Amino acid sequence: MKLQATLHRWDDMPIEEVNLGLGRRIVTGERMMITHVYLKKDSVVPWHSHHNEQLTYVLKGALKFHLGSDSEQEIIVHEGEVLVIPPDLPHQAIALEDTLDVDIFCPPRQDWLDGTDAYLR
């Protein structure tokens, strides 16, 4: 079987409206996933954790993260900054303004692919 690369264009993909203040576009490979996440100001990504390592790169706007089981860390991620979230670390995010971020997950988030991400809906 011949291996082939696949090209995706963000602007050609529909935005999945997950809830009133959050939309996303997803591109997934065999072992990694990259997403555009669109958050309206004051929208909240509720507390959750997952076995996936996560990189969050803010392209526009700002996100305030609370991290750890007792919210031990509070980090604001601004445009041009990247937050590395290790597997299984509980976290929550709040959009401080309209925000576009790129989330990268390894391995891909199966709950995002099959729609079982009830904490977001």
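The values are calculated or read from the model by the stated rules, or taken from the named source; none is laboratory data. What you see is a predicted model, and the numbers here were worked out from it, not measured in a lab. Every residue, glycine among them, receives a Cβ derived from its backbone with ideal geometry; neighbour counts consider all protein chains shown. These area figures cover heavy atoms from the full protein model, side chains too; ligands, DNA and RNA do not enter into them. Shrake-Rupley method; radii C 1.70, N 1.55, O 1.52, S 1.80 Å.
Highlighted here are the strands (runs of 3 or more DSSP E) found entirely within the range 16-114 that include at least 1 residues which are without any contact (Cβ under 8 Å) to a residue 12 or more places away in the chain and surrounded by 14 or more Cβ atoms within 10 Å (Cβ to Cβ): 16-19, 73-78. It is to be established whether one or more residues within the range 74-93 are in contact with a His (Cβ under 6 Å, 6 or more places away or on another chain), among the acidic types (Asp, Glu), modelled with pLDDT of 95 or more and more than 26 Å from ARG31 (Cα to Cα). Yes, some residue in the range 74-93 is in contact with a His (Cβ under 6 Å, 6 or more places away or on another chain), among the acidic types (Asp, Glu), modelled with pLDDT of 95 or more and more than 26 Å from ARG31 (Cα to Cα).
Remark: LEU96 matches the filter, which requires a residue to be within 21 Å of SER43 (Cβ to Cβ) and more than 15 Å from the chain's Cα centre (by Cα). Does the range 4-14 include one or more residues that are open to solvent by less than 20 Å² (accessible area, probe 1.4 Å) and either acidic (Asp, Glu) or closer than 22 Å to ARG109 by Cα (or both)? Checking the range 4-14: not a single residue is open to solvent by less than 20 Å² (accessible area, probe 1.4 Å) and either acidic (Asp, Glu) or closer than 22 Å to ARG109 by Cα (or both).
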